[in-house]
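Scroll down for the structure; my scribbles are underneath it.
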There are 6 protein chains.
Amino acid sequence: MKILLLNPNTTQAMTDNMAQIARAAVGDRAEIIPVTATRGFPYIASRAEAQIAGALVLEMIAEHADTVDAVVIAAFGDPGLAGARDLFDLPIVGMAEASVMTAAMLGDSFVVVTFSPLMKRWYDECVHSTGMGNRFKGVRSPEKAPEQLLDVQTDLRSDLIALATAAATRGHADVVILGGAPLAGLATQVAAEVPAIVVDPITSAVLQAVTLIQMTATATDAPRFTKPAPKRSVGLSPPLAIAINHGGTQGEP
Amino acid sequence: MKILLLNPNTTQAMTDNMAQIARAAVGDRAEIIPVTATRGFPYIASRAEAQIAGALVLEMIAEHADTVDAVVIAAFGDPGLAGARDLFDLPIVGMAEASVMTAAMLGDSFVVVTFSPLMKRWYDECVHSTGMGNRFKGVRSPEKAPEQLLDVQTDLRSDLIALATAAATRGHADVVILGGAPLAGLATQVAAEVPAIVVDPITSAVLQAVTLIQMTATATDAPRFTKPAPKRSVGLSPPLAIAINHGGTQGEP
Amino acid sequence: MKILLLNPNTTQAMTDNMAQIARAAVGDRAEIIPVTATRGFPYIASRAEAQIAGALVLEMIAEHADTVDAVVIAAFGDPGLAGARDLFDLPIVGMAEASVMTAAMLGDSFVVVTFSPLMKRWYDECVHSTGMGNRFKGVRSPEKAPEQLLDVQTDLRSDLIALATAAATRGHADVVILGGAPLAGLATQVAAEVPAIVVDPITSAVLQAVTLIQMTATATDAPRFTKPAPKRSVGLSPPLAIAINHGGTQGEP
Amino acid sequence: MKILLLNPNTTQAMTDNMAQIARAAVGDRAEIIPVTATRGFPYIASRAEAQIAGALVLEMIAEHADTVDAVVIAAFGDPGLAGARDLFDLPIVGMAEASVMTAAMLGDSFVVVTFSPLMKRWYDECVHSTGMGNRFKGVRSPEKAPEQLLDVQTDLRSDLIALATAAATRGHADVVILGGAPLAGLATQVAAEVPAIVVDPITSAVLQAVTLIQMTATATDAPRFTKPAPKRSVGLSPPLAIAINHGGTQGEP
Amino acid sequence: MKILLLNPNTTQAMTDNMAQIARAAVGDRAEIIPVTATRGFPYIASRAEAQIAGALVLEMIAEHADTVDAVVIAAFGDPGLAGARDLFDLPIVGMAEASVMTAAMLGDSFVVVTFSPLMKRWYDECVHSTGMGNRFKGVRSPEKAPEQLLDVQTDLRSDLIALATAAATRGHADVVILGGAPLAGLATQVAAEVPAIVVDPITSAVLQAVTLIQMTATATDAPRFTKPAPKRSVGLSPPLAIAINHGGTQGEP
Amino acid sequence: MKILLLNPNTTQAMTDNMAQIARAAVGDRAEIIPVTATRGFPYIASRAEAQIAGALVLEMIAEHADTVDAVVIAAFGDPGLAGARDLFDLPIVGMAEASVMTAAMLGDSFVVVTFSPLMKRWYDECVHSTGMGNRFKGVRSPEKAPEQLLDVQTDLRSDLIALATAAATRGHADVVILGGAPLAGLATQVAAEVPAIVVDPITSAVLQAVTLIQMTATATDAPRFTKPAPKRSVGLSPPLAIAINHGGTQGEP
């Protein structure tokens, strides 16, 4: 099986790191196909950016949907997730949603620990939109945004462990999600130092993709009643226009 | 004052009709500046389409933000609203949100009556995202989608009156919002035949825009703490890239 | 159009101040007709007082309903709002509800900043009863009640700015409502010093009244299904008794 | 112990019937002191009427607070309950709230069955305001309002049994509250014909009053921090003015 | 009437203390029949323990159901409550639920103050499961668990008063429930020192049991539609097996 | 890796069927170790039965915890899940919870379709307790309970397809969970006939167990702060007593 690891950020180094973690997670069960956005932002951090990046996500999926078995949107706020899920007939996994659902099977309550206060609002809104707000104990971050993202795993290591520990001991959270692509892979390295279960979003996401591919394998022929009606469009990338028009060309619905 | 009446659909006739209603509503208090999307869909009806159109909304606002005093996003599901509000320093009004807030000041509970069952999911989600789900009694529509949108006001007139009446008499709704751009202007024509208060979304939206312009007139110099940090980007329309970068060019944050 | 600016407190100076602000807000679009309660309390601050004042509000509206086009209940907790809206066939605007709905169109989340901790419980309950509790980040006030209300705008100016600023910077609130009639008019004076949008309730309320009058102008002949049945009564003021009996006299329903 | 059975309706026959049921319920454990409103409505059925009657409730309690140990507000929508509880230092029991809390100890979910569709909105809102909306399965009533209230217990007996039975068998409700003073006492007569536990509100209310008096007997000297501050007033009945001013006269807070 | 005071903990001294308080509360209105678990835990403090103890609760009720009129489950987290209520045709009262419902009739909002942080999670979950989470302001306890439970009423007296006082003055809670069997009876002793109404759970529970017995006395012959179907079983205590099989033996449903 | 497939029902045939499905799902990734309850009920269908079976679940896990890597509680209502998760240091997967979380990653909203109306209440409560109630559209079942469970997959096949189809077409559900062990394995057989994604709970559960084992593999040395304190007990099965006492014997905490 093939999983599209779609990084809606333009930072190739993030993609490379996440692809490596993803491959370690799935082993030979799946092939990881990483792609990086060629338009957009080095690192999405707000709803305006997510609005734009989410449209690019649809475009990128449309280019690859015929050749993969599932898609992982590899940005913690899950840009484009709902639209993609409505539009395409294969499992679409959001990194945040997959982490949240995984966390919910490991404990009663969870927090998201991240690297910058600038991510709080978007991540908070994203978790609430999964429907699991009542088991969610908030986003925790250092008080200041880091000057650069490249080395946050080493620069902020002790800060993030302290935040995760406080979430467990004072906040009574069972599970800590280390949210944000710059923290990908850190969970396994700090797990032994945090008195809670620590979840890595990219690992969650690709493993959930494997499960969802297997779960839905027999269902590929079933029509989906709740799918949007076909629609003509103007000015979209051709693959996306065709997807939205259910395979028809743009001009004939 | 100038209000940008931004139709994120590509159908010029809808823009023309809404502009006429908007002008009748604001009289000489404001100038209505209508724009129609040149890319996208004739009529947005799903979350995938809203994801794409919402990004175009940001682009269109960026082109006009310097020359208007407020923006009305003239599609009932409010594509791009949250991102636009975060990004731009002028009032951004969603047609659905403005209707909902107006309805909430006219009665305890409201319904949305619309022209097609295909709109239900998106409209329902949109109303819930305003936070007013607990005063909302659902979206009601004819069972079948109309074959074309041009004449729905005449073709479906009696159906829509019946749906609105049932919402009031059996559903105990105080207010009926006639949702969807194809129904713009119908409210005043059917109000006398519906035993509830009937709200026209485009009228709500432009009148709320007038109010918000006046309410925030003295605040233009205040910095907004919760505004996203400036961000470089690749491949966006130049005005949008500059807006996202807080006036800086794309390459220098 | 005529707007009844109904102060359910007995303090004439408050009415005068609010009338001045209201007139500045509506200009020549509407005539403001201020009335002050002749029974009740100098300043309502609890649910017991609101229960009593709310009944007076109905009585006061009944006296003027035939000669005005909308009513603004000019006390932040909106005493009598629900009953008045059920009973009378013209727009009834609550100062708190109008502020909340206006704030909801200006940002994601809002706080109420007020002058005394004694108001917190009532204001908090009032905001929740609007249905917008999930976008509300609480009531903030100085820790001690002021000794007198007349000069709170000057005495507490810096305290209120500090509370509003903290709500924005630490509380991530987009909008600050300055709640309570004694703070009427302060918003425009402090807006430039607060890193959030600051909303004046009385301005919100009268501008919303103007909008609601215009929105419902064509609907005056429509029966309201959800209106209470006519009811006889004993001992009410004659205009209120007649209103409750749908125009019949007290003795004949 | 003495319990004020306060009927905020002006119908003496209702008071008499409820007093008889209350006395049968409490036996010699408490003395029932019935009072009937001398102003207001024969039977409260809307929020406007409840606003007015709730103010009268405060006035009536103020007249008797010194000579009774608890108050039962004997109207199902609990007019004036919150204000009364804030204001007076003795247990205040609402007939609806007491029924709801009692029902919640008898089963998972409950419905309210009442005699007229005109009561639905007010009762529904009242139950939700107790905070138990998530165990509440709605108000059920005959489709038409009865022509008179005097004989509803006999006229509607089979209809009400059918509604209660459907609530249990199709609605999976464990408990049925027979709401509304005109149904007082009917519960015991139909209990054997309904496949659910049937709750009589007035019995619930007076038994809860007995319990609350006993529970709080040792607490009479404790100050209540959350009590409203003393307040001067104009034009209230002297006992109420004194209660609101914490025993001071009207003119000196 | 006879009330089974069922202590699901194995500590006889707790049962003795609670029985004494219960008898003082009910006087000659009811006979208190105390029983203590012979298996299980000295003091239940987690959901795992509650799962086990809840099954014992069903077993213990089955042994006594024929000879008592109501059951009080005398542990604050109400182990086994929902199952017992479904299974047995007599009132089943949970100590936590009864306290919560009683508190809700005494004020708007309540807290639970308890003796150990180890109880917080279970108590918190228990209160939310009553459906009253929105009037609940949390569990408060000393930061450290006490070394032994026997003398917590004297050892922690001033700490608990301070916690209760802070809940009232800073937390604006109207009512304080002293949660946990080791605090049984403390409420009356500290009531005068706490500026809020203080509720004793065991007193609440037995008084509510008295009320529920009286409320349902006439309903004993009514079938309960929502009762589970009869079911055969293996390895249960004979009385419980028979109860679950609706009086049939284990082998024949 | 080894997964304990714990059937808390006493019906061996169910265990056999579920083990076969589980093995087909995990292939050679994991060894499935099925166990069947030797006490309890042929098929759990109520909260009373779940209370008892949940205690047996803890006992059964305690016997095997040292020799397996994860546990699947193979009954749809997840008896004992919360307690087991608190108590044991390995992933505990509930069949209902795993289905719900999986469904939530496949679509916006889901229903549970089951074979008997007798399961509705328990399943409904179970789904709500996962925290995902707001994406849940209810439990649907035939109106009558089947006479025996053995052949429900064939007897009810067309009924269940019709219920699932109606949930999709009229209920707008994206995903249908076929709930209840007697329906294990049916999902793949009917998927092509239902216009929605159909989820098999046992497949979901074992695949999630595989994922959770992998996710937490590196975390085994981390202490869990929120774990209950060690506790002595009386009369429990020795392995369970030891587990609850954190490895200590029963008599020494």
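For every residue, the table says whether it meets (1) within 16 Å of the chain's Cα centre (by Cα); (2) buried (at least 16 other Cβ atoms within 10 Å of the Cβ); (3) within 23 Å of A:E125 (Cα to Cα); (4) polar (S, T, N, Q).
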position: B:W122; (1), (2), (3), (4): yes, yes, yes, no
position: B:H128; (1), (2), (3), (4): yes, no, yes, no
position: B:E147; (1), (2), (3), (4): no, no, no, no
position: B:D159; (1), (2), (3), (4): no, yes, no, no
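Please go through region F:154-170 and give me each residue that is hydrophobic (A, V, I, L, M, F, W, C) and either within 30 Å of A:V100 (Cβ to Cβ) or in a helix (DSSP H, G or I) (or both), ordered by number.
Taking region F:154-170 first, the residues hydrophobic (A, V, I, L, M, F, W, C) are F:156, F:160-164, F:166-168.
Hits for region F:154-170 are F:L160, F:I161, F:A162, F:L163, F:A164, F:A166, F:A167, F:A168.
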Sole residue being of a type in the set (G, A, S), under 23 Å from B:S237 (Cα atoms) and in contact with a Gly (Cβ under 9 Å, 6 or more places away or on another chain), chosen from A:A50, A:A84: A:A50
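Looking only at region E:13-34, which residues are within 14 Å of another protein chain (Cβ to nearest Cβ) and within 26 Å of E:D124 (Cα to Cα)?
Hits for region E:13-34 are E:I21, E:A22.
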Evaluation of E:L87 against (1) surrounded by 24 or more Cβ atoms within 10 Å (Cβ to Cβ); (2) over 16 Å from E:M215 (Cβ atoms); (3) aliphatic (A, V, I, L, M); (4) modelled with pLDDT of 95 or more (one fails), failing number: (4)
Unique match (being within 24 Å of B:V57 (Cβ to Cβ) and either modelled with pLDDT under 95 or among the acidic types (D, E) (or both)) among B:G180, B:G171: B:G180
Scope region D:176-192; condition farther than 26 Å from F:V139 by Cα, within 14 Å of another protein chain (Cβ to nearest Cβ) and of a type outside the set (G, A, S); matching residues: D:L178, D:L186, D:T188, D:Q189, D:V190
Test: B:L150 is more than 21 Å from B:I73 (Cβ to Cβ) and at pLDDT 95 or above: no
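Grab the helices (runs of 4 or more DSSP H) fully contained in region C:1-91, keeping just those with 1 or more residues being more than 25 Å from C:T114 (Cα to Cα) and in contact with an Asp or Glu (Cβ under 9 Å, 6 or more places away or on another chain).
Values: elements: C:12-26, C:47-64, C:81-87.
Here the list reads C:81-87.
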Checklist (1) acidic (D, E); (2) outside the structural domain of E:M14 (by TED's automatic domain parsing); (3) surrounded by fewer than 20 Cβ atoms within 10 Å (Cβ to Cβ) applied to E:D174, failing item: (3)
Qualifying positions in region A:185-215 - assigned to a loop (DSSP other than H, G, I, E, B) and surrounded by fewer than 24 Cβ atoms within 10 Å (Cβ to Cβ): A:G185, A:P195
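Test F:D221 against the criterion of being modelled with pLDDT of 95 or more and acidic (D, E), and give yes or no.
Values: modelled with pLDDT of 95 or more: no; acidic (D, E): yes.
So F:D221 does not fit the description; no.
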Condition met for C:Q12 (crowded, with 24+ Cβ neighbours inside 10 Å, of a type outside the set (A, V, I, L, M, F, W, C) and modelled with pLDDT of 95 or more): no
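Being of a type in the set (V, I, T) and more than 7 Å from every other protein chain (Cβ to nearest Cβ) is the filter; apply it to region A:84-109 and report the residue that is farthest from E:A48 (Cα to Cα). Don't jump to the end; show me each part of the working.
Start the filter on region A:84-109 by keeping residues that are of a type in the set (V, I, T), which leaves A:92-93, A:100, A:102.
Then drop every residue that is not more than 7 Å from every other protein chain (Cβ to nearest Cβ), which leaves A:92, A:100.
Working: A:I92: 36, A:V100: 24 Å.
Across region A:84-109, the extreme among qualifying residues is A:I92.
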When residues of region B:35-67 are limited to those that are touching a strand residue (DSSP E or B) at 6+ places or on another chain (Cβ under 6 Å) and surrounded by fewer than 24 Cβ atoms within 10 Å (Cβ to Cβ), the one nearest to the other protein chains (Cβ to nearest Cβ): B:R39
E:A173 within 8 Å of another protein chain (Cβ to nearest Cβ), in contact with a Ser or Thr (Cβ under 6 Å, 6 or more places away or on another chain), over 22 Å from D:M101 (Cβ atoms) and part of a loop (DSSP other than H, G, I, E, B): no
Count of region B:109-153 residues which are of a type in the set (S, T, Y), part of a loop (DSSP other than H, G, I, E, B) and in contact (Cβ under 8 Å) with a residue 40 or more places away in the chain: 3
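For A:L5, indicate whether it is out of contact with any Leu (no Cβ under 7 Å at 6 or more places or on another chain), more than 14 Å from chain B (Cβ to nearest Cβ) and either surrounded by 24 or more Cβ atoms within 10 Å (Cβ to Cβ) or closer than 23 Å to B:P79 by Cα (or both). Write out each step before concluding.
On the way: out of contact with any Leu (no Cβ under 7 Å at 6 or more places or on another chain): yes; more than 14 Å from chain B (Cβ to nearest Cβ): yes; either surrounded by 24 or more Cβ atoms within 10 Å (Cβ to Cβ) or closer than 23 Å to B:P79 by Cα (or both): yes.
Criteria met by A:L5.
The values are calculated or read from the model by the stated rules, or taken from the named source; none is laboratory data. Given the structure is predicted, the values throughout are model-derived calculations rather than measurements. Don't worry about glycine lacking a Cβ; one is built from the backbone with ideal geometry, like all the others, and counts go over all protein chains shown.
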